[in-house]
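First the structure, in the form of structure tokens, and then the observations on it.
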């Protein structure tokens, strides 16, 4: 579920940023698109590393960091009037769902980890 919400965040950020000023293409637009997509990408990478608790948590931590970066870029977009306040609030609400889910997974990773395969005796 957290991956689905994070993926939706990346899709929505892409859509809302399509009309942003061209002078922001290599700063604000590219940066927020990259960080918003990295949230779900890092969750995917964590899933691939779920055999190892430290790697799993590390990738989730990276995802959480990208989420915070996305929030900051979206604040810039809102304050520069590239992003409507209502759209910012909607995206912010989605990010406020994703963050606690990531935090919960990092605090209690065991249900998501692969069980160790025991060699036959």
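The values are calculated or read from the model by the stated rules, or taken from the named source; none is laboratory data. Here the structure is a predicted model, which is why all the values come from computation and not from measurement. FYI the Cβ positions are ideal-geometry reconstructions off the backbone, even for glycines, and counts take in every protein chain you see.
Kindly indicate whether any position in the range 81-96 is modelled with pLDDT under 95 and touching a helix residue (DSSP H, G or I) at 6+ places or on another chain (Cβ under 6 Å). Looking through the range 81-96, none of the residues is modelled with pLDDT under 95 and touching a helix residue (DSSP H, G or I) at 6+ places or on another chain (Cβ under 6 Å). Given the criteria surrounded by fewer than 17 Cβ atoms within 10 Å (Cβ to Cβ), part of a helix (DSSP H, G or I) and in contact (Cβ under 8 Å) with a residue 24 or more places away in the chain, does residue 44 qualify? So residue 44 fits the description; yes.
For residue 3, indicate whether it is in a helix (DSSP H, G or I), touching a residue at least 40 places away in the same chain (Cβ under 8 Å) and surrounded by fewer than 17 Cβ atoms within 10 Å (Cβ to Cβ). For residue 3, the condition - in a helix (DSSP H, G or I), touching a residue at least 40 places away in the same chain (Cβ under 8 Å) and surrounded by fewer than 17 Cβ atoms within 10 Å (Cβ to Cβ) - is not met. Take residue 94 and tell me if it is assigned to a helix (DSSP H, G or I) and either farther than 29 Å from residue 115 by Cβ or touching a strand residue (DSSP E or B) at 6+ places or on another chain (Cβ under 9 Å) (or both). Yes.
May I ask you to verify whether residue 109 is out of contact with any helix residue (DSSP H, G or I) (no Cβ under 9 Å at 6 or more places or on another chain) and surrounded by fewer than 18 Cβ atoms within 10 Å (Cβ to Cβ)? Here the answer is no, as residue 109 does not meet what is asked.
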